Every structure is written in C-alpha cells, then in structure tokens.
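The values are calculated or read from the model by the stated rules, or taken from the named source; none is laboratory data. Source: prediction; values computed, not measured. Positions of Cβ are generated from backbone atoms using ideal geometry, with glycine treated the same way; all protein chains shown enter the neighbour counts.
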Amino acid sequence: MQRKTLNDNAEFACPIVGTCLTIAELRRICRKFGDAVPEAASDYEAHVFLVGQAKITASPASKYLQKYLDKKYRKELRMFWKTEDEAELRRLWRERADAGDVPGPFWALMSHPTASNDLLRDVYGEVHMLSHRVGAANRADLAKLSRLEDKLAETTAALEDSKAVLRQAVAVWKTRCRQAMEELATERAKRQAAERERVSLREAIENSAVAAVRRDRDILRDQLVELADRLRSTEAEAGRQALLLERMHADLAKTRQELADRDSEVAALEASLFSALGEAAAAHAAHAEHHVDDLEGLAAHHGEACAGDCAGNCPCPAGGCRPGSAAAGSSPHLVGGSLAGKRVLYVGGRSSLVSHYKVLAEKFGCELIHHDGGREQSAHRLWELLGCADAVVCPVDCVSHEACSLVKQACKGCLKPLILARSSGLSSLARSLAELGAPAQ
C-alpha cells in the first residue's frame, strides 16, 4: 500500500514539524532552501516557513522534509509498518508514548497507509495537549523564578532602606489598585457590550433561522403536492400500461398459436410435396429409361442402313452414331437424359433448406453438392466443386451477382449444363432437376 505523504496530512503539518524536528534541525533545513528565513528570524518564523512549505504539493522543501523524517525515524517506521490493525497501532502508540518516545511514533502513525482519520485525530490531540502541558510547566517555572527574584530584590531593598521600600511598595500598590479598578471597569463595560451584541446576534440568528425554516417548509409543501400529482399520474399511466401489456400478451399467445397451426400446415404440405416429388421422380426415371431404349434401337437401325448404303457419304463420325454424343453444355439436359448416379452442384439458396435440397435430389436418383454462393465459402472452393459436378443449378434470387457470373463463365468454359432457377424454393429445384433429367428432344 502507498504510504501517506506530508501533502496527504497537510492539516497535521504544524504538529509534525514542531514535534518531529529539533530547533537546530529546523534552522538547518530552512537555511538549505535559500534566504527565505534570515538568521535573525525567530524560531517561530522558521517554524511557520517550513510548515507552509510542507503544505505545498511536490515542493522541494516538502520532498526533502519527507525523506529526512523517513531516514531519521526509519526504526519506528519499520515497527509500525508490520501491522495494519488499528487496535495494534493504538497499542504501539500508547506503549511508546508512555515510555516518553513521542516524535518517532508520531511520524510513523502520520505516514502509515492504513491509519484512520479518527486514530490520527486522537494522536494529534494527545500531542497537542502534551505541548500545552510542557508550555505550562515552563511558564510556571519562569513565574516562580520571577517571584523569587522580586522577593530577593525587595528583601535587599528592605535591608538597605526598609522605610523607603515600604513607601514605594504602598505607592505601587495604590497605583496598581487604581489601574486594576480602571481595567475592571473597562472590562465590565466591554463584557456588557459583548453581552448585548451576543443577545442581538442570537435574536437575529433565531429570526433568520425561523424564516429559513418557514421558507423550506413552504418549498417542501409545494414539492410534496407536485410529487403527489406525479404519483397519481404515474399510477394511472402504470394502469394503462398494464392493460396494454395484458392485451399484448393475449395477442402474443394468439399469434404463437397461429404460428403453431401454420407450422403444422407447412409440415403437412412438405410431407405431401416430398411424397408427390418422389412419385414424380420415379415416373420420370421410368420414362427416361424407356426413351433411352428407343434411342438405342433407332441408332442401331440407322447404323445398319449406313453400313449397307452410305458407307462413304454418311455424315456420322467414323465410329458410327452414339446416343448422347452432343457437346455437354449445349443444352440444359444431361448426356444420356438421366440423373441416376449424377452430381448436381447447387450454388446459393437458403442455408436452412440445404438438407431438404439433398433429400429431394436423392428422390431424383442423384447426389446434390452445395456451395453457399460466396457467403462463407471461397471462389476457389466453387471451382473445386465445379470440377466434380455433372450439372449446375443456381437460384438467382438467393446468390450474389459475382457468384452468378462466375458460375455462368465456368459452365460455359467447362461445357456443363446450367439452369438459372427463378427462386430458391424446393418446388423450383424440383422443376430444375426434372428439366435436367428430361431426355433431349
């Protein structure tokens, strides 16, 4: 913890300087900081100068005095630093003070980081009263010495001329009595004037206090009325808000019920849709296989005719005509006219429907691989997926323009079938898959 400095205890700077420094140390420190205190100055003037410097934040004299006291009383600082308990600090102070060791423990307590203000004030009070007692004792000794000297002078004068001394003493006594009576009368007049002034001031204060109390009472009464009106308005508004909140809760419960009913309807419609799509996919696959068989028979018949009649003039390639030999990407149909065993890349769409997209693709007999259209997945990943895809479906309502343009260029360069679907819904994907799986006309 940070120790307290002289600036932290500025209010105790006077007793710290007066108690913890000797007169010689006080003079030496004052000489160290210039000619602010001349050699002819009194001890009191030197004390006042150093106390004033101690109260100035970060002054050279304050810093030097802090270090000087820490070095001078380092033993006491270590003793008091060992504890943070206030009761233990009081016990240590009492033990050292009763033993007559005041300056070091006084500085240790004043700079202790955990010493409370109550403890500091108690210790300061003891030191303050101790200085009074010491001063009183010195004054008593001086007064006693003065009386003894006067008595010695009076005795000596009496021996020399007792009568002259007696007359002089009587004259002095009369003069003093007269002066005392005059001073007494003056003091009595001053006291009477002071009493009258005190009574006048008390009446003025009482009248002022009564007026202030009445003024405060009127202000408080007005505030009370205003607060009561505001309270009634607040209670009325709270009632209206409570009724509104109840209606909102009722509307919310009704809306939640309607949403639950709609969710049930949507689930039923999705089940019906998947069932219908499955039946459509099965019928489509059977139709595609039948159409492929027709194409193969036609091709075989045409091959035989070409072999017999137009061996040199047939426009077919040297190996004969093969079904589905048209360049991929020239139409939105797969070579062979079937989705069975194919991979379809779906670019974009709704992330919440990806699992439904894949289930729908399985019903068409193909595998659906997905790219999010650039939301999180990179364009490099799109190229990787394009390399292993047989066809591409891209919904234009749920994909970025950059991804859509990239898909168009890639499919054009790779000669892959591409369908730009109008929406990212399941029915749109079903139409696109049906179009991809339909045999080319």
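Listed by position, the helices (runs of 4 or more DSSP H) contained in the stretch 361-441 that have at least 1 residues being more than 54 Å from the chain's Cα centre (by Cα) are 401-414, 426-437.
Just checking, how many residues over the stretch 7-47 are touching a residue at least 40 places away in the same chain (Cβ under 8 Å) and either loosely packed, with under 14 Cβ neighbours inside 10 Å or out of contact with any Phe, Trp or Tyr (no Cβ under 9 Å at 6 or more places or on another chain) (or both)? So the answer is 6.
When L339, L353, L334, L418 are checked against the criterion of being in contact with a helix residue (DSSP H, G or I) (Cβ under 6 Å, 6 or more places away or on another chain) and modelled with pLDDT of 90 or more, a single residue qualifies: L418. Remark: K71 falls outside the filter, which requires a residue to be under 14 Å from L6 (Cβ atoms), basic (K, R) and either touching a Pro at 6+ places or on another chain (Cβ under 9 Å) or assigned to a helix (DSSP H, G or I) (or both).
Is one or more of the residues making up the stretch 45-57 under 39 Å from the mean Cα position of the chain (by Cα), among the charged types (D, E, K, R) and at pLDDT 85 or above? Within the stretch 45-57, one or more residues are under 39 Å from the mean Cα position of the chain (by Cα), among the charged types (D, E, K, R) and at pLDDT 85 or above. Taking the criterion of being surrounded by 20 or more Cβ atoms within 10 Å (Cβ to Cβ) and closer than 14 Å to C398 by Cβ, the residues of the stretch 425-439 that qualify are L429, S432. When V213, V199 are screened for being among the aliphatic types (A, V, I, L, M), out of contact with any helix residue (DSSP H, G or I) (no Cβ under 6 Å at 6 or more places or on another chain) and modelled with pLDDT of 95 or more, only V199 passes. Selection of first residues in the stretch 73-85 that are touching a residue at least 12 places away in the same chain (Cβ under 8 Å) and of second residues that are aromatic (F, W, Y) and surrounded by 13 or more Cβ atoms within 10 Å (Cβ to Cβ), restricted to Cβ pairs under 9 Å at least 6 apart or on distinct chains, gives the following pairs, ordered by first then second residue: Y73/F106; Y73/W107; E76/F106; E76/W107; L77/W107; F80/W93.
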